[in-house]
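Here the structure is laid out as structure tokens; the discussion comes afterwards.
The values are calculated or read from the model by the stated rules, or taken from the named source; none is laboratory data. If you're wondering where the values come from, they're calculated on a predicted model, not measured in any experiment. Cβ placement follows ideal geometry from the backbone for every residue including glycine, while neighbour counts extend to all protein chains displayed. Ligands, DNA and RNA are stripped out before the accessible areas are found, and what is left, the full protein with its side chains, is counted by its heavy atoms. Shrake-Rupley method; radii C 1.70, N 1.55, O 1.52, S 1.80 Å.
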Amino acid sequence: MKTAQSRWVFIIDVAMFGLMLAIAFYVFNRTGYSGLKTVVAIGIGISVLVYILRNLVSVVPVPKPKAERKRITKLVLIDEEGESVKEWYIESETSLLIGKTTSRSEADIDLAGTDYASLVSVEHAVLNRVNSDWFVEDVDSGNGTGLRSANESGTKKLESGEPYRIYSGDLIYIANTRLLVK
């Protein structure tokens, strides 16, 4: 793609140079207006100077340093008022099941005692760590899983079976239950 774009830029540059030469030839050989000759000469000189500077001096954008993200160490269950209800330290874990513990299944993040426990599936979502990055994935839950990024106001409903990267400060919605990633 870049070479095709460079080729078109080169073709346009050659066409512009040819047009400037044609104008210069016409003005200097066919007209007697000295003011017009001066304006054309200055215009061509500026155009050539800009072309040379543009091609010789390459501007490299300085990348902005990425804000360093905090390491994820825990999940915090948040109530309706935004107060911390319960915490789970997950720093040493690699995979966690979010849901409700029953006689047949044990959830690592057990939401059975929450206000909206009836909306939480037994196996609702999973958290997986890859190196130092964490991902949340809905596991075909009945009421869905949502994710609100720390810097955004809207909540995104997660597609079942699709992992989404999470960061410190994000909110995970398990049905109507909120988990703050810290």
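Observations on the model:
- Cross-chain or 6+ apart pairs with Cβ under 7 Å, the range 11-27 first and under 23 Å from ASN55 (Cα atoms), then small (Gly, Ala, Ser) and at pLDDT 80 or above: MET20/SER47
- Residue in the range 98-121 that is of a type in the set (Lys, Arg), closer than 18 Å to LEU75 by Cα and open to solvent by 60 Å² or more (accessible area, probe 1.4 Å) present: no
- The range 163-173, residues that are within 12 Å of VAL136 (Cβ to Cβ) and either under 16 Å from the mean Cα position of the chain (by Cα) or at pLDDT below 95 (or both): PRO163, TYR164, ARG165, ILE166, TYR167, ASP170
- Consider the range 22-55 and keep the residues that are surrounded by 10 or more Cβ atoms within 10 Å (Cβ to Cβ) and of a type in the set (Lys, Arg). The one that is farthest from PHE10 (Cα to Cα) is LYS37.
- Pairing each residue of the range 41-57 that is over 12 Å from PHE17 (Cβ atoms) with any residue that is at pLDDT 80 or above, provided the two are 6+ apart or on different chains, yields C-beta distances under 8 Å for ALA41/ALA24.
- Residue ID - least open to solvent (accessible area, probe 1.4 Å), chosen from residues in the range 78-97 that are in contact with a Ser or Thr (Cβ under 7 Å, 6 or more places away or on another chain) and in a strand (DSSP E or B): ILE78
- Scanning the range 130-158 for residues that are among the charged types (D, E, K, R), in contact with a strand residue (DSSP E or B) (Cβ under 7 Å, 6 or more places away or on another chain) and surrounded by fewer than 20 Cβ atoms within 10 Å (Cβ to Cβ) returns ASP133, GLU137, ASP140, ARG148, LYS156, LYS157.
- The range 146-174 - residue that is part of a strand (DSSP E or B) and in contact (Cβ under 8 Å) with a residue 40 or more places away in the chain and, of those, nearest to GLU91 (Cα to Cα): ILE166
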